[in-house]
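What follows draws every value from the coordinates through simple rules; no lab data is involved. Note that the structure is predicted; figures quoted are calculated from it, not measured. Using ideal geometry, Cβ is built from the backbone for each residue, glycine included, and neighbour counts are taken over all protein chains shown.
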Amino acid sequence: MSNVRESYESRTASTARSPVIDHQVRVHSSADRLPREEQLAWKLAAVATGTQEAAGLDPEAAAMAVNRVIDNVSVAMASLRRRPVAVARAQAVPHAASPGASVFGADPGHRVSPEWAAWANGTAVRELDFHDTYLAADYSHPGDNIPPLLAAAQHTGRSGADLLRGIVAAYEIHVALVKGICLHAHRIDHVAHLSAATACGLGAMLRLPTETVYQAVGQAVHTTTATRQSRKGEISSWKAFAPAFAGKAAIEAVDRAMRGEGAPAPIYEGEDGFLAWLLDGPQSSYTVTLPEAAEARRAILDTYTKEHSAEYQAQAVIDLARGLREKAGPLARVRDIVLHTSHHTHHVIGSGAGDPQKYDPEASRETLDHSVPYIFAVALEDGTWHHERSYAPERARRPETVALWRKISTVEDPEWTSRYHDPDPRRRAFGGRAVMTLTDGTVIEDELAVADAHPAGARPFDRAGYTGKFRTLAEGVVATSAQDAFLDAAGRLADLDTAGLTGLFPAVDTAAVAAYDARLPKGLF
């Protein structure tokens, strides 16, 4: 067993013993006049504002936060000339502000209002579906918290240490909500948890009073609750915009709360609120586990990033296909392939979703990266995965690929569903078992529990892994010297002053980016 895996198992065992409080969250009538200190929004805010009072930032958590900053910038650089990112950037650039915040791909001397920087940069980070993830009762991409925090840090004159505190706090809240409250079962999009986490991260970074953060959480949740249709059927570019919208809304909510404006309350527990009408109804009851006041915030260490540009449940499937390819021989002999996997994988990105678009060669990239039959077919044929080539229209339309693709289905396996939800991070699994039947009746099977890059996987990502991912995705976009400068700044994040935060925006050919943007249709701004 590698030292990295031993460290992960030691850390997760330690995390399981950390002092925590289980908060019971249920619906209350207005007549109950539930005290705000007993409301979930207040408890989240208290954890966030108490982050600065805890025993300093945990060194491992702070180091992982730096990794995730590198990860975010990696995928942002690779997406600069993708249409949704260009649209978000074009919308943001007219909103100039001072001090303002930087925008990936824009003139480095131009600053925009922080909520618009969060919009543009959040879209760039999310577009390729290629950054970090946390899966539990619900889904999440906690790295989506970083763009709004960075934007607000630049605008308000915060340091790198302040930014790190905000990131660690946002991850703590995000992971707790994803563990405790399932949105997907009621077809609510996961950005509702994101906006609450971002509001809390902003509160921690800016050292705001708990009262202010409490009001901001209520406003943020109220304004960012949406359906999961954005990830169903014909999946559009809104999938990239949705978390950026949540980040933008969280900044605006914090701004209003700082000015003394309140929020609907209790936002979670109210009789006409989030739980009662959008989730399990009037009898709703959830348990949200949060750290004690003095306990170090370490939830970021339970999250993981992607080696491949695809939905996280497909990460292990890609690695499984690459291994199975060596055993399969000529793929023309395949009669069918059945992937036995978890409920989530089967129903969200598998054939259990009931979406014919998941088998459509004309489907959008956003749909294909949520189609495990397509992903498994291409990984099986190519033995590799690429964030652009694997989704190219001509790749999806290849006749032999389409034929293989339509022989692949998924089924829910109770064992894999149980492993997906295992409370022990060391046993939790997001993969599956592939059963390939050939035309002569031969059956070939293989399984993989977690992706190779997972902390418990065959090749866990460490700082070198994040650095390698950045250099790969920045190739042809960021000059080597500019790559070096960015990595140096990121590595020194805890010591950066406000001006130093500009080092987190790698120098690119802004003229080429602007030329691409100029080809877009014009909008209102």
Q: Give the long-range amide H neighbours of His23: residues separated by 5 or more places, or on another chain, with amide H under 5 Å away, using H modelled in the peptide plane at 1.01 Å from N.
A: Val288, Thr289, Leu290
Q | Packing-based exposure ordering (other Cβ within 10 Å, fewest first) of Ser230, Ser309 | A | Ser230, Ser309
(Q) Helix 238-258 against the longest principal axis of the chain: what's the angle in degrees, Cα atoms only, rounded to the nearest 10? (A) 10
Q: Determine the calculated [θ] at 222 nm for the chain from helices alone, applying -39500 (n - 2.57) to every DSSP H run no shorter than 4 residues and normalising by the residue count; nearest 500 deg cm²/dmol.
A: -14000 deg cm²/dmol
Q | Peptides ranked, highest mean first, by Cβ atoms within 10 Å: ranges 508-518, 371-381, 293-303 | A | 371-381, 293-303, 508-518
(Q) Can you work out the Karplus-derived ³J(HN,Hα) for every residue in the stretch 398-415? Use 6.51 cos²θ - 1.76 cosθ + 1.60 with θ = phi - 60°, whole Hz, and x for glycine or proline. (A) 4, x, 5, 5, 4, 4, 5, 3, 7, 8, 9, 9, 10, 9, 7, 10, x, 5
Q | Cα-Cα over 27 Å, subset of Lys43/Lys248; Lys43/Lys239; Lys43/Lys469; Lys327/Lys407; Lys358/Lys522 | A | Lys43/Lys239; Lys43/Lys469; Lys358/Lys522
Q.
Can you give me the angle between helix 3-16 and the longest principal axis of the chain, using Cα atoms only, in degrees from 0 to 90, rounded to the nearest 10?
A. 50
**Q.** 3J(HN,Hα) from dihedral phi, the stretch 472-477, Karplus parametrisation 6.51/-1.76/1.60, rounded to Hz, x for glycine, proline
**A.** 5, 6, 8, 4, x, 10
Q | Between the stretch 448-477 and the stretch 36-101, the alpha-carbon center distance in angstrom | A | 21
**Q.** Vicinal HN-Hα couplings computed from phi for the stretch 106-112 (Karplus, 6.51 cos²θ - 1.76 cosθ + 1.60; Hz; Gly/Pro x)
**A.** 8, 3, x, x, 9, 10, 10
Q. Order of Phe245, Phe104 from fewest to most other C-beta atoms within 10 Å?
A. Phe245, Phe104
Q: Kindly identify the stretch 312-448 as rounded, prolate or oblate by the Cα gyration tensor criterion: order the square roots of the eigenvalues as a ≥ b ≥ c, call it rounded if a/c is under 1.5, otherwise compare a/b with b/c, prolate if a/b is larger, else oblate.
A: oblate
Q. How do His344, His174 line up, fewest other C-beta atoms within 10 Å first?
A. His344, His174
Q. Which far-off residues, 5 or more places away or on another chain, put their amide H under 5 Å from the one on Tyr304, with H placed in the peptide plane?
A. Thr133
**Q.** Given (1) 93, 70, 50; (2) 67, 51, 42; (3) 71, 56, 48, the label whose value is Cα extents along the principal axes in Å derived from this model
**A.** (3)
Q: Name the long-range amide H neighbours of Tyr139: under 5 Å, sequence gap of 5 or more, or other chain; modelled H, no Pro or chain starts.
A: Leu183, His184
Q: Would you mind classifying the stretch 37-279 by shape? Square roots of the alpha carbon gyration tensor eigenvalues, ordered a ≥ b ≥ c; an a/c under 1.5 is rounded, otherwise it is prolate if a/b is larger than b/c and oblate if not.
A: rounded
(Q) How would the stretch 411-525 be classified by its alpha-carbon gyration tensor: rounded, prolate or oblate, with rounded meaning a/c under 1.5 and the a/b versus b/c comparison settling the rest? (A) prolate
Q: With everything on Cα atoms, drop me the angle between helix 191-206 and the longest principal axis of the chain, reported from 0 to 90° to the nearest 10.
A: 40
